[in-house]
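Below: the structure, in structure tokens.
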């Protein structure tokens with residue numbers, strides 16, 4: 001029987017105990033380790049795009065990464081962190097989602113999921129008490145919470161120049177700038193008086209939105225001085241609209257400064273950025289589409305009995 005992703009956590013961790021490993025190779029190892037017959041190794045998800053065992057191995061690795069037990073040195077590979085090595089060295093540890101909750105990184109992941117989805121991600125035990133419809137919604141929320149956390153992490157690892165381009169692409173995807181191709185542009189190292197990008201709301205650029213993009217680590221929050229600097233840059237441009245985007249958060253002083261200055265500046269923090277990227281398919285794409293059917297009562301009305 002194909003093991004669930006929690007059962008796979010320790011074997012997946014142990015597979016990288018000595019060196020970094022390619023995740024696709026570990027999928028094959030897990031199939032061998034659990035002596036899966038050929039039909040179970042080949043069993044596909046409903047999408048038909050990935051095997052069930054590969055999906056569960058990837059989820060096991062993902063949860064280990066959220067807890068800080070493994071890291072990704074490069075695409076498709078993972079390796080143990082110091083915390084991961086400590087867990088690997090202690091065979092008495094029952095490695096599962098409940099155990100991962102003792103790590104601050106995993107608690108942060110759960111908290112991000114709560115903020116992003118506006119609901120706490122249910123525990124595994126709670127899932128058994130849900131209806132099938134509720135279970136689907138819970139799974140969807142968990143997928144999006146994990147995706148959002150991973151998106152922000154990847155964005156933080158990108159270069160500042162790439163982040164500026166990303167923000168321009170996101171705003172264009174949201175409909176700012178109309179339909180012309182040259183509506184948005186990042187200014188990069190040639191930034192103009194603290195402006196990182198600009199969106200032309202009309203073909204002639206008469207109405208413009210100016211952008212500030214700060215790719216900061218979590219906890220390195222935007223302060224009031226950053227808001228005042230951006231406000232000053234907008235004044236130099238005689239601009240009426242500005243959007244300040246960060247991968248971190250805004251301090252209470254920054255939020256109050258925006259209120260004191262009026263409504264000229266819109267703030268987008270890391271959590272909202274992740275939600276918008278998912279909604280407008282920027283940096284992510286549709287993986288599976290599931291159609292949930294129900295009986296069409298109108299079709300049968302009057303035709304029974």
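Of note:
- Contact order relative to length of the range 34-108, as percent, for alpha carbon pairs under 8 angstrom and 6 or more apart: 22 percent
- Per-residue Cβ neighbour counts within 10 Å put 58, 291 in the sequence 291, 58, beginning with the fewest.
- Averaging the Cα positions of each part gives two centres, and for the range 262-287 and the range 226-248 these lie 18 Å apart.
- Sequence of 92, 97, 31 once ranked by neighbouring C-beta atoms within 10 Å, starting from the fewest: 92, 97, 31
- Ordering 261, 151, 44 by the number of other Cβ atoms within 10 Å of each residue's own Cβ, fewest first, gives 44, 261, 151.
Coordinate-derived values only; no laboratory data. Everything numeric in this text was worked out from a predicted model, so none of it was measured. Cβ: placed from backbone, ideal geometry, glycine included. Neighbour counts: every protein chain shown.
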